[in-house]
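Please treat every number below as a calculation from the coordinates, not as lab data. Because the structure is a prediction, the values reported are computed rather than measured. Positions of Cβ are backbone-derived with ideal geometry, glycine not excepted, and every protein chain shown enters the neighbour counts.
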Amino acid sequence: SGLKDWEVGFVSTGGFIAPAFAGDSVATFTPPTESGQVVWLDDVQIREMEPNLHPDVVGGWWFPEDASVDARRLTCSLRAACAMSGVHLQTGPSHKVTSLEFSDGKCTGVRTKGGLTYNASAVLVANGSWMRDLLPLPVVAHKGQSFSVRQPKHGPPLLNRVLFAQDTYIVPKADGRIIVGATVEV
């Protein structure tokens with residue numbers, strides 16, 4: 001892949017773009033103020049950034065502060081960093097967290113399916129859409145699909161920035177792959 005073992009595939013090539021077609025939801029969308037820096041690009045500006053976009057693209061939103069990593073490499077790097085720091089990872093069905101422990105309104109630990117309780121001064125819950133199994137939050141899981149293709153080895157890249165549309169994304173990676181995914185199956 002050309003990356004060192006510890007590299008996580010961090011890519012920051014000028015944010016991501018949400019291309020718009022005439023009359024679609026992107027063309028009429030206004031990003032929330034908490035989205036960070038956001039710029040509307042007209043059809044000429046957006047093609048200056050990504051010349052291989054479809055001819056029917058009329059413009060799009062550019063989020064210049066966005067970056068991406070390779071999730072697989074990041075997971076491996078985090079696991080290695082934890083091991084080097086003396087962290088013991090508990091995995092397997094009996095270690096599935098089934099509830100959070102609270103004291104005075106603060107999360108003080110977790111309880112596992114095997115009946116163990118782990119107490120901590122700080123708890124980070126990072127279980128995505130399964131958060132709803134631990135807290136009454138309106139989080140909904142969406143099943144999706146993805147695949148990867150390779151950029152040509154010679155010549156300019158086909159894509160420099162992440163493209164994002166409703167329920168779909170295309171992400172160029174540091175190792176030359178392009179990930180194409182849909183976050184919702186219909």
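The table below lists the values:
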{"item": "Single residue of the stretch 136-159 satisfying the filter (more than 17 Å from the chain's Cα centre (by Cα) and touching a residue at least 40 places away in the same chain (Cβ under 8 Å)) that is farthest from residue 26 (Cα to Cα)", "result": "158"}
{"item": "Residues within the stretch 6-23 that are in a loop (DSSP other than H, G, I, E, B), over 18 Å from the mean Cα position of the chain (by Cα) and in contact (Cβ under 8 Å) with a residue 12 or more places away in the chain, tallied", "result": "2"}
{"item": "Verdict on residue 44 being of a type in the set (A, V, I, L, M) and within 21 Å of the chain's Cα centre (by Cα)", "result": "no"}
{"item": "Filter result for the condition that a residue is of a type in the set (Val, Ile, Thr), surrounded by 11 or more Cβ atoms within 10 Å (Cβ to Cβ) and more than 30 Å from residue 80 (Cα to Cα), over 26, 44", "result": "26"}
{"item": "Answer from 21, 29, 10 - the residue that is under 19 Å from residue 157 (Cβ atoms) and aromatic (Phe, Trp, Tyr)", "result": "10"}
